[in-house]
Amino acid sequence: MESVSIKRKLKKAIVEANVFMNEEVRRVVEKYAGPFNEALKENISVAQEEGLPLCQDTGMLEFFVFQGHNVRIDQPIESIINEAVEEAYLENPFRFSIVSDPLFSRKNTGNNVPAVIHVMPVEGNVLDIRFLVKGGGSENLSRLYMLSPGADIDEVKTRIIEHVKNNGAMACPPLHVGIGVGGSSDKAMLLSKLALTKDLHERNADPRYARLEEELLEELNGLRIGFQGLGKGPTVLSVHIEWSPTHIATLPLAVSVDCYLCRKGRILLEDR
Amino acid sequence: MRIDELKAGEEVKYSGELLVMRDAAQKRIKNFIERNKTLPLKLEGKIVFYAGPARSPDGKKCGAIGPTTSARMDEYLEMLYSLGVVATVGKGKRSNWVVDMCRKWKRVYFVTPSGAAAYLSRCVKSIETVAFEDLGPEAIYRIHVKDFPLLVAIDVWGNTVFAG
């Protein structure tokens, strides 16, 4: 595969994720009648007309690359992705939100890279790249709970619901909630991010997890946090769970949330 | 607009000046004060908007702009009040401590819509850098706004729109 073509497609997807509203979220916003509804509605058309980002926090970009074992690219995928992000952010009125080191200088890198990139080898000849445009406000709500392996479903639900209840208003609700269960601590966090890349109404293939997603959706909406945390409209727009085998002594539970905008994208390419 | 007459839940279309700053700039102001250095700006009577704009589309007008999470700024709130700031603007719920501070200092906390940054940029009539330009999007900016949508989230009596 040619890196030039991958980069071009990625750039386009990155710009669109920042400027164009997710269609399903748009329909929810159009029905919303509470405080600031005019601003939220008009924002969609102003962004599109002027090529401005829907939110000033144009995020840190997180990529999840599923690379088929037969896919060969003329450049490492990490560098293609970082070049795509840098060019997209330099050529558009987005914000550079990345600082070079977290503790000492915190100097802005001035090009919004590096992105966070996870590459996962899979079978086949397809290159599947999914990404999230992740704002800092929602990222600060990421949580990891190392539960006792004997914890029951109710405890899992309580942890998630309490967390959203106490903090949800800070992360631009209605929220998208990604949950990772099992694996190790790091695997659970990664799964919770992957859960956020799913389509809004997609349900887990396992009916037990699908039911848990439905229950959480209903109970989280019962919190009545609403748009902007002001109590009107839905509290969460989607809940997705990803799970993985885990150790006999552990039950990692990771929660990631995304803001109502749900800025994400996906490109699928085949190596012929 | 009289700060001490506003009631929690009230919506206001504000026209006037806002001082834009967020985490890094406030940390630096705190550092200036601790070292007895002269601040590069006056905060007396000002309204602080917790935000960091996206880049301008043409180098002149304000780019996409919107509030960041106010709860992160709580540690600098008393500092701002003691410097004369009359109100803050941001997004999201703040702690009970902030509610007490608003009552004690007779100050207001406003929210403005988050995730509406393209729309809000249209309400900004001018933007200029006031201090700490090296911080890029985290520098301090002065903006003049027209019909900027605000909602009183905490009023001077300590009433709040956020549950719990």
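The values are calculated or read from the model by the stated rules, or taken from the named source; none is laboratory data. What you see is a predicted model; the values in this text were computed from it and never measured. Note that we place each Cβ from the backbone using ideal geometry, even for glycine, and neighbour counts take in every protein chain shown. For the accessible areas, the whole protein counts, side chains as well, though only heavy atoms, and no ligand, DNA or RNA atoms are used. Shrake-Rupley method; radii C 1.70, N 1.55, O 1.52, S 1.80 Å.
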Working only within the range B:41-65, note down all residues that are touching a strand residue (DSSP E or B) at 6+ places or on another chain (Cβ under 9 Å) and either at positive phi or in a strand (DSSP E or B) (or both). B:I47, B:V48, B:F49, B:Y50, B:A51
Yes or no: the range A:79-100 includes at least one residue that is surrounded by 20 or more Cβ atoms within 10 Å (Cβ to Cβ), within 14 Å of chain B (Cβ to nearest Cβ), aromatic (F, W, Y) and within 26 Å of B:Y14 (Cβ to Cβ). no
Would you say B:K125 is open to solvent by 10 Å² or more (accessible area, probe 1.4 Å), within 23 Å of A:D57 (Cα to Cα) and at pLDDT below 95? no
Within the range A:153-170, is there a residue that is under 30 Å from A:S5 (Cβ atoms), away from chain B (no Cβ under 14 Å) and aliphatic (A, V, I, L, M)? no
Which residue is farthest from the other protein chains (Cβ to nearest Cβ), if the candidates are limited to the range B:129-164 and must be buried (at least 21 other Cβ atoms within 10 Å of the Cβ) and of a type in the set (D, E)? B:D155
Among (1) within 14 Å of chain A (Cβ to nearest Cβ); (2) touching a residue at least 40 places away in the same chain (Cβ under 8 Å); (3) farther than 16 Å from B:V20 by Cα, the one test that B:G59 misses: (2)
Could you give me the residue pairs with C-beta distances under 6 Å whose first residue belongs to the range A:153-175 and is within 24 Å of A:V25 (Cα to Cα), whose second residue is assigned to a loop (DSSP other than H, G, I, E, B) and open to solvent by 40 Å² or more (accessible area, probe 1.4 Å) wherever it lies, and which are 6+ apart or on separate chains? A:K165/A:L223; A:A169/B:K93; A:P174/A:P234
Could you tell me which of the residues B:K93, B:K37, B:K42, B:K27 is open to solvent by 50 Å² or more (accessible area, probe 1.4 Å), under 23 Å from A:L54 (Cα atoms) and either charged (D, E, K, R) or at the interface with chain A (Cβ under 10 Å from one of its Cβ atoms) (or both)? B:K93
Tally up the residues in the range A:159-200 that are hydroxyl-bearing (S, T, Y) and farther than 28 Å from B:P67 by Cα, please. 2
Please determine whether any residue of the range B:16-35 is at positive phi and free of Cβ contacts under 8 Å to residues at least 24 places away in the same chain. no
Could you say which residue among A:S185, A:S192 is of a type outside the set (V, I, T) and more than 17 Å from the chain's Cα centre (by Cα)? A:S185
Considering the range A:108-117, residues that are assigned to a loop (DSSP other than H, G, I, E, B) and out of contact with any Gly (no Cβ under 9 Å at 6 or more places or on another chain), and then whichever is surrounded by the most Cβ atoms within 10 Å (Cβ to Cβ), we arrive at A:A115
Of the residues in the range B:36-54 that are in contact (Cβ under 8 Å) with a residue 60 or more places away in the chain and in contact with a Gly (Cβ under 7 Å, 6 or more places away or on another chain), the one that is nearest to B:E128 (Cα to Cα) is B:P53
